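J.: Structure incoming, see below.
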Amino acid sequence: MNDDKKIIVRVRSLVKDYTSSAETLHILRGLDFDIEEGSSVSISGSSGSGKSTLLNILGGLDRADAGEVVVDGNRIDRLAEKQLTRYRRESVGFIFQFHYLLNDFTALENVMLPAYIAGLSKKTALEKARALLADVNMEARANHLPQQLSGGERQRVAVARSMVNDPAVILADEPTGNLDMENTALVTRILYEAAEKRGRTLVVVTHDKDVAARASRRYVLVDGVLSELKN
Ligand SMILES: Nc1ncnc2c1ncn2[C@@H]1O[C@H](COP(=O)(O)OP(=O)(O)O)[C@@H](O)[C@H]1O
Ligand SMILES: [Mg+2]
């Protein structure tokens, strides 16, 4: 074991409420946790417990009401909108339950586009995209459009795409929520293996015990508090 692992995500006293005219929902009630670089973390919890809210705060899609969120050295709770957009684009890879691949672009183009937009040459972006598609066993489908792929295949493309900009963290929100058992097992294996192979830090929100069990650390979110599960 290496005791000097870098902390890539550092969260302190994270609070998130949702206030409507009727009531205030206390979704996250002061979370404290660290994530080591290159590790995998799963977050479970019942529907409505705040898993997506937490993931969206880590990914700069939503803002905390209080507390400190540091990702790869960025105090993201203090970033202005413009910097936050850049943070989302360059430091985070997202995978959602329902694929957000661009329908008019092939699998290969979907994977290369974020890198091309980030400023890589077309040639380099394509090379990276091809290597990532190979990692998820989709090189034979590189020129297919999303609608020509199965749900599991689309999620494998989404896994490849999430990694193309070498993000500090990969955030997956119910990545297998729309898949059958067989594809759940396959996409889970591919997601964790691709992250491990490239030394990427992975945070997976899931209600599936088997998907969660594969992570190096498992947490559960109950009543706005995050607890680590041991064995
Ligand atoms: N934009 C919002 N405004 C008001 N309430 C919200 C908003 N987003 C989420 N919530 C509420 O916050 C709670 C947590 O939601 P969410 O993080 O999506 O839970 P989970 O992903 O664990 O199912 C739910 O009760 C949900 O209704
Ligand atoms: Mg959710």
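J.: Within region 167-188, work out how many residues are away from ligand 1 (no atom under 16 Å from the Cβ), within 16 Å of the chain's Cα centre (by Cα) and aliphatic (A, V, I, L, M).
T.: 4
J.: Further question on the same structure: Do the conditions hold for D4, that is, is it among the acidic types (D, E) and surrounded by 14 or more Cβ atoms within 10 Å (Cβ to Cβ)? Break it down into steps so the answer makes sense when it comes.
T.: Numbers: among the acidic types (D, E): yes; surrounded by 14 or more Cβ atoms within 10 Å (Cβ to Cβ): no.
So D4 does not fit the description; no.
J.: Determine, yes or no, whether L120 is of a type outside the set (K, R), touching a residue at least 12 places away in the same chain (Cβ under 8 Å) and more than 20 Å from E182 (Cβ to Cβ).
T.: Working: of a type outside the set (K, R): yes; touching a residue at least 12 places away in the same chain (Cβ under 8 Å): no; more than 20 Å from E182 (Cβ to Cβ): yes.
So L120 does not fit the description; no.
J.: For region 35-46, which positions are surrounded by 15 or more Cβ atoms within 10 Å (Cβ to Cβ) and closer than 22 Å to H207 by Cα? Before the answer, list the steps.
T.: Within region 35-46, the first condition is being surrounded by 15 or more Cβ atoms within 10 Å (Cβ to Cβ), and the residues that meet it are 35-45.
Once the filter is applied, which keeps residues that are surrounded by 15 or more Cβ atoms within 10 Å (Cβ to Cβ) and closer than 22 Å to H207 by Cα, region 35-46 yields I35, S39, S40, V41, S42, I43, S44, G45.
J.: List the residue pairs whose Cβ atoms are under 7 Å apart, where the first residue sits in region 48-76 and is closer than 17 Å to Y87 by Cβ and without any contact (Cβ under 8 Å) to a residue 40 or more places away in the chain, the second is hydrophobic (A, V, I, L, M, F, W, C) and more than 16 Å from ligand 2 (Cβ to nearest atom), and the two are 6 or more positions apart or on different chains.
T.: G60/I76; G60/L84; G60/V92; I76/V69; I76/L84
Yes or no, residue by residue, for (1) in contact with a helix residue (DSSP H, G or I) (Cβ under 9 Å, 6 or more places away or on another chain); (2) closer than 28 Å to Q155 by Cβ; (3) not polar (S, T, N, Q):
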| site | (1), (2), (3) |
| --- | --- |
| K6 | no, no, yes |
| E23 | no, no, yes |
| F33 | no, yes, yes |
| G38 | yes, yes, yes |
| S49 | no, yes, no |
| D62 | yes, yes, yes |
| D72 | yes, yes, yes |
| L84 | yes, yes, yes |
| G93 | yes, yes, yes |
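J.: Being within 12 Å of ligand 2 (Cβ to nearest atom) and in contact with a Lys or Arg (Cβ under 9 Å, 6 or more places away or on another chain) is the filter here, so list the residues in region 39-55 that pass it. Spell out the reasoning first.
T.: Taking region 39-55 first, the residues within 12 Å of ligand 2 (Cβ to nearest atom) are 43-55.
I43, S44, G45, G50, T53, L54, listed by residue number.
J.: Condition (residue is within 27 Å of V222 (Cα to Cα), more than 16 Å from ligand 2 (Cβ to nearest atom) and in contact (Cβ under 8 Å) with a residue 60 or more places away in the chain) applied to region 85-97: is it met by at least one residue?
T.: Yes, region 85-97 contains a residue that is within 27 Å of V222 (Cα to Cα), more than 16 Å from ligand 2 (Cβ to nearest atom) and in contact (Cβ under 8 Å) with a residue 60 or more places away in the chain.
J.: Follow-up. Can you report the number of residues in region 120-161 which are surrounded by 18 or more Cβ atoms within 10 Å (Cβ to Cβ) and polar (S, T, N, Q)?
T.: So the answer is 1.
J.: Could you check region 201-211 and list, in sequence order, the residues that are within 14 Å of ligand 2 (Cβ to nearest atom) and either surrounded by fewer than 23 Cβ atoms within 10 Å (Cβ to Cβ) or closer than 19 Å to D32 by Cα (or both)?
T.: V203, V204, V205, H207, D208 - these are the residues of region 201-211 that are within 14 Å of ligand 2 (Cβ to nearest atom) and either surrounded by fewer than 23 Cβ atoms within 10 Å (Cβ to Cβ) or closer than 19 Å to D32 by Cα (or both).
J.: Listed residues V164, V159; which is within 18 Å of the chain's Cα centre (by Cα), outside any helix (DSSP H, G or I) and either charged (D, E, K, R) or over 28 Å from R12 (Cβ atoms) (or both)?
T.: Answer to the selection: V164.
J.: Another question, if that's okay. Out of L61, L102, L113, L79, I need the residue that is surrounded by fewer than 21 Cβ atoms within 10 Å (Cβ to Cβ) and within 16 Å of ligand 2 (Cβ to nearest atom). Which one?
T.: Working: L102 fails: within 16 Å of ligand 2 (Cβ to nearest atom); L113 fails: within 16 Å of ligand 2 (Cβ to nearest atom); L79 fails: within 16 Å of ligand 2 (Cβ to nearest atom).
Within the list L61, L102, L113, L79, the selection yields L61.
J.: Another question, then. Taking V225 and the conditions (1) at pLDDT 95 or above; (2) over 21 Å from V9 (Cα atoms), which numbered condition does it fall short on, given that it satisfies the others?
T.: Answer for V225: the failing condition is (2).
J.: Name the single residue, out of those in region 196-231 being part of a strand (DSSP E or B) and not hydrophobic (A, V, I, L, M, F, W, C), that is nearest to the chain's Cα centre (by Cα). Reasoning before the result, please.
T.: The first filter runs over region 196-231 and keeps only residues part of a strand (DSSP E or B), leaving 201-205, 217-222, 225-229.
Filter again for not hydrophobic (A, V, I, L, M, F, W, C), leaving 201, 217-219, 227-228.
Details: T201: 9, R217: 15, R218: 15, Y219: 15, S227: 20, E228: 19 Å.
Looking at residues that are part of a strand (DSSP E or B) and not hydrophobic (A, V, I, L, M, F, W, C), I get T201.
J.: Just to be sure I understand the filter: pairs with C-beta atoms under 7 Å, separated by 6 or more residues or on different chains, first member in region 197-211 and modelled with pLDDT under 95, second member within 15 Å of ligand 1 (Cβ to nearest atom) and among the small types (G, A, S). Which pairs pass?
T.: H207/S44
The values are calculated or read from the model by the stated rules, or taken from the named source; none is laboratory data. Since this is a predicted model, take the numbers as computed values, not measurements. A quick note on method: Cβ atoms are made from the backbone with ideal geometry, for glycine too, and the neighbour counts reach across all protein chains shown.
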